[in-house]
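Working notes for the structure below.
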Amino acid sequence: MNPSSEIASTDTQHEASEWTLPVEGMECASCAVRIEKQLRKRSGVQDVAVNLASNRARISAAPGSVRLSDLVETIERTGFTVPHAVVESPLPPGRPAPTDDDLEAAFERTNGVLSATRADDLIRVTYVPGVVEPAAIQALLVGRGWAAVDAQVETAPEDEDPHATAFRALFRRFLLAALCTAPVFVISMAHGALDFPGVRYVLLALTTPVVVVAGGPFFRGAIRLLRHGGADMNTLVSLGVGSAYGYSVVATLFPALFERALGRTPDVYFEAAAVIVTLILMGRLLEARAKQRTSDAIEKLVDLQPAIARAVVDGREVELPVAQVAVGQRLLVRPGERIALDGVVVDGHSAVDESMITGEPLPVEKEPGDAVTGGTLNRTGAFTYEVRRIGSETTLQQIVRFVRDAQGRKAPIQRLADVVAGVFVPIVLGLAVLTFGVWMYFGPEPALAYALVSFVSVLIIACPCALGLATPTAIMVATGKAAEHGVLVKGGDALEELHRIDTIVLDKTGTLTEGKPRLTDIRPAAGWAADKVLRIAASAERRSEHPVAGAILSAAQQRGLALSAPSAFESATGLGIEAVVENRPVVIGNDAFLAQRRLSTEALGAEAAALQEAGNTLIGVGIDGQFAGYLAIADAPRASSREAVAAMRRIGLDVIMLTGDHERAARAVASQVGIEHVIAGVLPDQKATEIERLQAAGRKVAMVGDGINDAPALALADIGIAIGAGTDIAIEAADVTLMRDDLGAVADAFALSARTLRTIKQNLFFAFIYNIVGIPIAAGALYPLLGWLLSPMIASGAMALSSVSVVTNSLRLRRWRASSIS
């Protein structure tokens, strides 16, 4: 198949009413929930999904109801940031300068642009990196005459991968904390063996850089959110660490304040403050590394596009950066090289490995006229191709965008976690204060020490990070892994809904069959010659684009028949055509269509039945008001269909064939692929009605199709699955798109859904159990029975471990493998 055919021609720009924005500063699930709540308060906003794992916010709004700059302002007013960058472009001399109003009008529908202003002879455009490309901004300026084609565009200097930069900064903080904490821990755990004059001042000196420098971002984050009336993990950590550290500082510098009440020198908890910060930073390091691996599939896709292309210019080979290649240029590809951009072969032939796009393992032969896809690997021969799509329009970039968007969609199963996260931090703060009060009032001496330890432990152990990562990390890994195997899933909601499906409806032509019908037989009526019937039918079908028309035309051409042009032509969707050929009225279609034109087919009834039993679709031909005979058309089942249907039935799906074909022909194909339930004779506009009928019977229905006439049924089904070679409109209506013509990928999608839902449930169980068990223990629930109180250091280690364990469990999905059905 040509994987570019179904993706590349879809709308290459997001609608102006939908954005996916990077968000910096989120630490836990409550951060994501807070951003969602504030964005939903804006008039016009319809839906918001904030993904803690990918640090992105996906926002939908009624067209024209809200500006991107307003949404960014809301996010920043909530206490978080959206990164900005600037394009500066000089105005060409001698051209009228645009006003700020002109610029605003020009960019108001450009997704990702925050503002556009002019200062003297310079245009400054502020945008969100990753949402819009500087090249797209410059192209718009050039198109309006506000920039020269060869103008040097200056952008704000771009750092390297922000994730890598953040990881290094986190590692430096951890290294400082670890180096200072090690001696603090050794001295404190020696239980007096390493006491020496001034030891507490040494502990203070070593702990201060850990808390103030390495742990400083915790406090700054908590203060920032406090200013905006919010609280998150930083709040809990800051209160816990600040309490232990602050108490210890006062006890060290002013011990007399406590000696009267305690009757002894007060204890200090420098080791608790230092170890908490160090362990949390270590947990974040492990979590960040693991989170990066959840997006490995996208990074692999991005890396498929080579940076340099070999252009053919005036007979010479010239190496160009891919970003500088224009549509229409010809590029040369040698064996072992990756194809840079989408195009069509103009010279040479080769075998191309498209597995990284389609999941199909076998190389595809390419010759002049065949489409090639950027990112695929040329195996054997060299060839030249003409570039048809560049930049964000290429198949590869659209797949990357599709998967990123999918990772931002929440699964319904996450709603419970969001509800809990929304009230979690205030509840924990209340429990911590209550714990402190109970220990102070009822606890044994030294009550203050017990109360402080328990207070800090409750604050530290209760971080809702694991809760916020449980679902999105699994969705990110699963959607990325599916894309590697040629299965594009629109998001977590589709993955979860797949798991609930109990009935799958398969279109016949192009889904169960190859979609390449051929003429197998001609049965003329008495008085008609086979070649004459075929010649007139083929002439009438010359204006039709239906696959059956192609089969009839191909057969006539193979026989060398001279065709005429029809002088009139009219199509009746799902029934047939009427035309005038050589001044003779011609009717071509199914029996029902011929019957409407008062043409009786009874004379060939027995022969028709035999042909249909053999799996042929019969096309009746009427000429000059007489029935002239049948054309038998067959479309062979796909090689993978029978095994794929068997796989669907093994997982408990009721498999139904839905087709407009005659009952006998449909059942013949159904028997070949192992389907028992057939709904035949359904007109295109009735397919959606059949889906509704199944849903009304209480079934959860998935529909698999590939054509325009399948789009209403795909949209109406609980899950719509579009075969990759199908039309763009079918793919737009679908929840799942298969990049290869292989029904085995449908079974793969169901298998991945089941595996993903199982992983999410495991993650949520870990997250909830961790907090349900951990908080009471931290509060001292085991002390009356065992005399055991949870150390804040153990609490911080457990908190770090909870997040890492959830992400690690999600990463097990990377080992998922598609079936061998093909």
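Compute the length gained on full extension between Arg330 and Arg379: take 0.36 nm times their separation in residues and subtract their Cα-Cα distance, giving the result in nm to one decimal.
Details: separation 49, 0.36 × 49 = 17.64 nm, distance 1.91 nm.
That pair, Arg330 and Arg379, stretches by 15.7 nm at full extension.
Return the FRET efficiency for the residue pair Arg584, Arg168: r is the Cβ-Cβ distance, R0 is 56 Å, and the value is rounded to the nearest 0.05. Let's see the in-between values first.
On the way: r = 80 Å, r/R0 = 1.42.
Efficiency computed from Cβ-Cβ geometry: 0.10.
Of the solvent-accessible surface of the chain, computed with a 1.4 Å probe over protein heavy atoms with every protein chain present, carbon and sulfur atoms account for 55 percent. Distance between the modelled labels on Arg289 and Gln672, one decimal in nanometres: 5.5 nm (7 Å Cα→Cβ projection). When Rg and Dmax are taken over the Cα atoms of the range 64-142, they come to 13.2, 45 Å. Here the contact order of the range 409-486, divided by its residue count and restricted to Cα pairs under 8 Å and six or more residues apart, works out to 34 percent.
The distance between label points at Glu317 and Glu88 comes to 4.1 nm (points 7 Å beyond Cα on the Cα→Cβ vector).
Let me test this: with uniform point scatterers at the alpha carbons of the range 276-352, what is the Debye-based log₁₀ I(q)/I(0) at q = 0.18 1/Å? For the range 276-352, the Cα-only Debye profile gives -0.80. Backbone amide hydrogens, once placed in the peptide plane, bring Thr520 within less than 5 Å of Ala632, Ile633, Ala634, excluding anything fewer than 5 places away on its chain. Each label was represented as a point 7 Å from its Cα along the Cα-to-Cβ direction; for Ala307 and Ala530 these points are 6.3 nm apart. Cα-based values for the range 506-587, radius of gyration first and Dmax second, are 13.3, 41 Å.
For a protection proxy built on the mean count of beta-carbon atoms within 10 angstrom, sort 563-572, 172-181 highest first, please.
Values: 563-572: 14.6, 172-181: 19.3.
Ranked from most to least packed, the peptides come out as 172-181, 563-572.
For the chain, the Cα gyration tensor yields ellipsoid semi-axes of 64, 33, 22 Å (square root of five times each eigenvalue, largest first, whole Å).
Which angle between 0 and 90 degrees, to the nearest 10, do you get for helix 270-294 versus the longest principal axis of the chain when only C-alpha atoms count? The answer is roughly 10 degrees.
Suppose R0 equals 41 Å; then what is the FRET efficiency for Arg42 and Asp502 from their Cβ-Cβ distance, rounded to the nearest 0.05? Efficiency computed from Cβ-Cβ geometry: 0.55.
Could you rank Leu785, Leu206 by how accessible they are, 1.4 Å probe, largest area first? Provide the component values of the computation, followed by the final result.
On the way: Leu785 145, Leu206 45 Å².
Largest accessible area first, the list is Leu785, Leu206.
Strictly over 28 Å apart at the Cα level, which of Lys366/Lys532; Lys366/Lys490; Lys490/Lys687; Lys41/Lys761; Lys410/Lys687; Lys300/Lys516 would you flag in this model? If you can, show how the numbers build up before the last one.
On the way: Lys366/Lys532 37 Å; Lys366/Lys490 30 Å; Lys490/Lys687 23 Å; Lys41/Lys761 31 Å; Lys410/Lys687 30 Å; Lys300/Lys516 34 Å.
The pairs that break the limit, which is 28 Å between Cα atoms, are Lys366/Lys532; Lys366/Lys490; Lys41/Lys761; Lys410/Lys687; Lys300/Lys516.
The range 173-327 gives an Rg/Rh value of 1.33, both radii derived from C-alpha positions and Rh following Kirkwood.
Which FRET efficiency value, to the nearest 0.05, do you get for Asp654 and Glu613 by plugging their Cβ-Cβ distance into 1/(1 + (r/R0)^6) with R0 = 22 Å?
Numbers: r = 25 Å, r/R0 = 1.14.
Efficiency for this residue pair is about 0.30.
Placing a label point 7 Å from the Cα of Ala135 along the Cα-to-Cβ direction, the residues of the range 363-390 with a backbone N closer than 16 Å are 374-375, 387-390. Available extension along the chain between Leu786 and Ala565 is 70.0 nm, counting 0.36 nm per residue and deducting the alpha carbon span.
The accessible area of Val655, taken with all protein chains in place and a 1.4 Å probe, comes to roughly 10 Å². Potential lengthening of the chain between Thr689 and Glu104 amounts to 206.0 nm, from the contour at 0.36 nm per residue minus the alpha-carbon distance. Here the Debye sum runs over all C-alpha atoms of the range 277-416 as equal scatterers in vacuum, and log10 of I(q)/I(0) at q = 0.09, 0.15, 0.19 Å⁻¹ comes out as -0.37, -0.76, -1.06.
The values are calculated or read from the model by the stated rules, or taken from the named source; none is laboratory data. Note that the structure is predicted; figures quoted are calculated from it, not measured. Backbone-built Cβ (ideal geometry, glycine too); neighbour counts: all protein chains shown. Calculation scope for accessible area: heavy atoms of the full protein, side chains included, ligands and nucleic acids excluded. Shrake-Rupley method; radii C 1.70, N 1.55, O 1.52, S 1.80 Å.
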